[in-house]
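Novice: A single structure is presented below for examination.
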Amino acid sequence: MRSTSQGHIIQLDGIRFIAIALVLIEHLFVEINTVPVGATGVTIFFVLSGFLISRILLKSKEKNYELEGGFKKYLSKFLIRRTIRIFPVYYLTIFLLYIFNVPPVREKLGWLALYGTNIYMAWNKTWMGSMDHLWSLAVEEQVYLFFPFLIFFIPKGKLVPVLGIMGLLSLAFRFYYFYTHPDFALDDWIVTYVSTPACLDSFALGGLLAWLQLYRNDFFEKLFSKSWPVVLAFAIWVLLQFWSKTFDNRFNVSFVVLDRTVSSIFGFFLIGRGVMGYTGIMAAFLENPVSIYLGKISYGLYLYHNFVYNHFHSGPMHPTVRIFRKIYQYAPELKGSVAFEALVVILLTIAVAAVSWHFFEKPINALKDRYA
């Protein structure tokens, strides 16, 4: 395992970059892209989050389980660290969007403030404009509410079956909802996509990954010492996409029920191999300073990208749209170029996320060790 002296696993930043790149490709090339790579990127984030928080919680449990007040210390440390990392920049963003009256922030402020956007979307079977992407952050926060209890109170030897049941119930939820709605369409898919119960197979596989590394390390090293399982899992994902295209209805069993599980399995092997350490070209890519840096600021990239530009919701007075108009005055031949517009939006998003990281997120993150 290649890690820093603080225990930070180096190649995982590169994997974060892969995940955010898939999301950006989906959203920036929405006019021409027909493969749900953005959903796969979000799923990789979920598996990675499940792995990292389970690893942290399992280690903390080992230290605190038999101590007086151990659970309080274990829980408070986790919640303080998560709060410092996630809340400040999220609420600053919501505050600024409220000040500038970006729809639908003022109308849905309660849902946004309480990390309930996915609940709102699933209940009403609708999206939330430029706030659409915040559903995944809501899922993560809702998982944080019960995962610490799951890890602490479930005995170490029984955690894997519990995670397995959690994953199977998640798959069963999507399967049941799909087959009990004969005219399954976009509004139904929203329920099976953004609901927290529909995402738990990803977190369960992340938790399994952490458990294997900590308690079955010999098996972990054997399982992830080679790259061919990653290639095989990716090939299965590709075949699933081809199968999905054979259905007349876009919202079919492959896309609705199986895609997240197969993407989670791919993420499981991708991340596990990254923990062990890729070699060759993959290592050069994941450990490239650019990949590492973009992985470090991936939270900001994800949080801001829909506000920098959204194909469906950025109106004529949006700053990025106005920048495009100005460019096209001097270079009209670029107008209509999807690749050029995507490049501009990517550069703007990186600039915003970089400023956020260096002047806001990073200084606040430094408080984690002081207070927890």
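Novice: Determine the principal axes of the Cα atoms in the range 258-372, then give the extent along each, sorted from largest to smallest and rounded to whole angstroms.
Specialist: Over the range 258-372, Cα extents along the principal axes are 51, 39, 31 Å.
Novice: So, in Å, what gap is there between the alpha-carbon centers of the range 309-346 and the range 154-212?
Specialist: Answer, in whole Å: 39.
Novice: Divide, for the range 172-330, the radius of gyration over alpha carbons by 2.2 N^0.38 Å, where N is the residue count.
Specialist: This ratio for the range 172-330 stands at 1.33.
Novice: If you don't mind, another one. Going by average Cβ neighbours within 10 Å, how do the peptides 320-330, 248-258 rank, with the highest at the top?
Specialist: Ranked by mean Cβ neighbours within 10 Å, highest first: 248-258, 320-330.
Novice: Tell me, what % of the accessible area of the range 108-181 is carbon and sulfur with a 1.4 angstrom probe? Before the final figure, lay out the partial values.
Specialist: Working: 2620 of 3470 Å².
Reported share for carbon and sulfur atoms: 75 percent.
Novice: Can you give the log10 of the normalised intensity I(q)/I(0) at q = 0.20, 0.22 Å⁻¹, computed with Debye over equal Cα scatterers of the range 109-209?
Specialist: These q points yield log10 I(q)/I(0) values of -1.01, -1.12.
Novice: Oh, and also: Pop a pseudo-label 7 angstrom from the Cα along the beta-carbon direction at both residue 331 and residue 222 and give the gap in nm to one decimal.
Specialist: The two pseudo-label positions are separated by 5.6 nm.
Novice: Continuing with this model, one more query. What whole-number volume per residue, in cubic angstrom, does the convex hull of the C-alpha atoms of the chain give? List each step's numbers first, then the result.
Specialist: Values: hull volume 58.3 nm³, N = 372.
Hull volume over Cα atoms, normalised by residue count, gives 157 Å³.
Novice: How far apart, in nm, are two points set 7 Å out from the Cα along the Cα-to-Cβ line at residue 91 and at residue 343?
Specialist: My value for the distance between the label points is 4.1 nm.
Novice: 222 nm [θ] for the chain, helices only, -39500 (n - 2.57) per DSSP H run of 4+, per residue, to 500?
Specialist: Calculated mean residue ellipticity at 222 nm is -22500 deg cm²/dmol.
Novice: In debye, nearest 20: dipole of the range 57-110 around its Cα centre with unit charges on the Cβ of K, R (+) and D, E (-)?
Specialist: Details: 11 positive and 4 negative charges, 29 e Å.
It comes to approximately 140 debye.
Novice: Give me the extension gain from residue 186 to residue 149: residue separation times 0.36 nm, minus the current Cα-Cα distance, reported in nm with one decimal.
Specialist: Between residue 186 and residue 149, full extension yields 9.9 nm more.
Novice: Over the range 1-94, with every protein chain in place, what whole percent of the accessible area is carbon and sulfur at 1.4 Å, could you tell me?
Specialist: On the range 1-94, the fraction of accessible area on carbon and sulfur atoms equals 59 percent.
Novice: Give 59/362; 73/156; 63/362; 158/296; 72/296; 72/362 a once-over and call out the pairs whose C-alpha atoms are over 22 Å from each other.
Specialist: 59/362; 63/362; 158/296; 72/296; 72/362
Novice: I need the fraction of alpha carbon pairs in the range 48-174 separated by more than 20 Å, rounded to a whole percent.
Specialist: Result: 54 percent of Cα pairs exceed 20 Å.
Novice: On average, how much accessible surface per residue is there in the chain, in Å², for a 1.4 Å probe, leaving out ligands, DNA and RNA?
Specialist: Each residue of the chain exposes 49 Å² on average to a 1.4 Å probe.
Novice: Rounded to the nearest percent, how much of the accessible area of the range 241-372 (1.4 Å probe, protein heavy atoms only) is carbon and sulfur? Mind dumping the intermediate values first?
Specialist: On the way: 4660 of 6830 Å².
About 68 percent, which is the carbon plus sulfur part of the accessible surface.
The values are calculated or read from the model by the stated rules, or taken from the named source; none is laboratory data. Note that the structure is predicted; figures quoted are calculated from it, not measured. Neighbour counts run over all protein chains shown; Cβ positions are idealised from the backbone, glycine included. Accessible surface areas use protein heavy atoms only, side chains included; no ligands, DNA or RNA. Shrake-Rupley method; radii C 1.70, N 1.55, O 1.52, S 1.80 Å.
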